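Q: Below is one structure. I have some questions about it.
Taken together, the values in this text are just the output of simple stated rules run on the coordinates, not laboratory data. Note that this is a predicted model, so its numbers are computed, not measured. Note that each Cβ is placed from the backbone with ideal geometry, even for glycine, and that neighbours are counted across all protein chains shown.
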């Protein structure tokens, strides 16, 4: 197994675990980016195959940047204005990012990851709806998710971005909550991956709390601390 492949898997597990826990990633920003830069096509473009990770390499780098920027803040309840401005710049870059070379289920999967990454940023930095039209983003991500056939590798790969979107669903989104719960449970029953079940339990506890607010998974109100999607 190539060293670049192994290191990418280690960094992926580290970063994705950090997105659903209080810890800072163990890998430094420089080390992650150095690993990502090993994946170059003959033309010099950065790219990895779906055998490495279903999330496109550029979107994964945005997830890294968002996670580190957020966790560097001394107080998540009093976000520094400079960090908010940086988060908006990151959000604009994600919004402009184009994976249009894909088609069919691959296109829908990539769009789910792009929109989920943007919703992850919006939740962490508590950005108001007016900046990126959060309501429309939530509608779009589930439109693309429903266009992917269930019980396929494409649908199995979207658990993390859909979980991020699920954290922003309010009591008014009851039908979407039910669809997401069923989809994650289907993944659990088919794959036997316990993290899919943990994701449902975490969402269910948050939804049943009776409050529609932006949950910080670093706080004690998050019920599943070892969740990795």
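Q: Separation between the residue 153 and residue 131 pseudo-spin-labels, each 7 Å from Cα along Cα→Cβ, expressed in nm?
A: Once both label points are built, they end up 3.6 nm from each other.
Q: Given the Cα atoms of region 3-207, and with Rh set as the inverse mean 1/r over their pairs in the Kirkwood sense, what is Rg to Rh to two decimals?
A: My calculation of the ratio gives 0.94.
Q: For 183, 172, what ranking results if the residue with the fewest other Cβ atoms within 10 Å of its Cβ goes first?
A: Arranged by neighbour count, lowest to highest, 183, 172 become 172, 183.
Q: Could you give the length gained by full extension between residue 46 and residue 98, i.e. 0.36 nm per residue of separation minus their alpha carbon distance, to one decimal place?
A: Contour length minus the Cα-Cα distance gives 17.3 nm.
Q: OK, next. Want the number for residue 85 to residue 71: 0.36 nm per residue separation, take away the alpha-carbon distance, what's left?
A: Here the segment from residue 85 to residue 71 would lengthen by 3.5 nm.
Q: Follow-up. Using the count of nearby Cβ atoms within 10 Å as a rough guide to exposure, how do 55, 208, 193 rank from fewest to most?
A: Fewest to most other Cβ atoms nearby, the residues stand as 208, 193, 55.
Q: Could you please rank 140, 22, 28, 155, placing first whichever residue has the fewest other Cβ atoms within 10 Å of its Cβ?
A: 28, 22, 140, 155
Q: Which whole-number percent is the relative contact order of region 3-207 (Cα, under 8 Å, 6+ apart)?
A: Worked out over region 3-207, it gives 14 percent.
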